[in-house]
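To keep things clear, I will list the structure first and then write my remarks on it.
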Amino acid sequence: MITYLRAEFYKIWNRKCAWVFLALGIFGSLFINFMLRISRMGESFPNKNISLMFAIEIMIQLGWFLVLAIMNIEHTNESRNSMLKNTVSFGINRTKVYFYRFITEALLMAFMVLVYGVIYFICSRIFLGSQPITGDIMSDYIKIILLCYVLWLGALALGHMMAMNMNSGSAVSTIFCLVFMMYNTILQGLGLLFKNSEVISDMIKWLLDVSLKSNIGKLMGDSISGEITSNVIQCGLVHMALFLVIGYVIYRKKEIK
């Protein structure tokens, strides 16, 4: 397993797109904190750290694009260069390929989140050093990062399922984006359409309540209760397990070209 993961990371860090995404995140951290400095937004919230508030908002609203970036880094050029076929032909069984690649993606995402989080915090101290920083503020910052990561794992499992079973990278990216942009909207529309049917209406409400997007929205409140924390963790892990199993079942029967 370690040998395979080392080989995967070697391939990743020899791809320009990995360094590009890493650099974009670092540049974004610098740019956001610089703009907050010159806009003096912190003066409107003297008792809060406006930089970390902004970081949390970005993670909640745009974190799904990090998942998309990870998918592109890991799966780029795979179909074009027949790398997946070569891996399977070399004698590594499909089960290891499927799950080890997901582990690689999860570790890469954890590394990216860690780098972005640390760099962003350092930038906030450089540009907005006068902003208050307390144990409670840091605790909330780290807690939300970890909870977002668990939900992103569920989304990553969905992207992994599609990327391992579809030959078009652009189609995977397009469908993935549409799912997260339209899923809740479609369910809400169906809820209005079947509002007179109690059974269907209740089922749609339940699907909305357990969706990844709805659960990440729960992190936008001023306080995160133990119940919300538990629900978010369960949501992320259940989605991850569900998409991994479905994707693996399909992948076992896929013809690799």
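Every number in this text was worked out from the coordinates using simple rules, so none of it is lab data. Keep in mind the model is a prediction, meaning the values are calculated, not measured. Note that we place each Cβ from the backbone using ideal geometry, even for glycine, and neighbour counts take in every protein chain shown.
Please report, in debye to the nearest 20, how large the charge dipole of the range 177-257 is about its Cα centre when each Lys and Arg carries +1 at its beta carbon and each Asp and Glu carries -1 there.
500 debye
In terms of distances greater than 26 angstrom between alpha carbons, the cross-link table entries K195/K218; K11/K254; K16/K218; K96/K218 yield K16/K218; K96/K218. The modelled label-to-label distance for the pair F31/I122, using points 7 Å beyond Cα in the direction of Cβ, is 2.0 nm.
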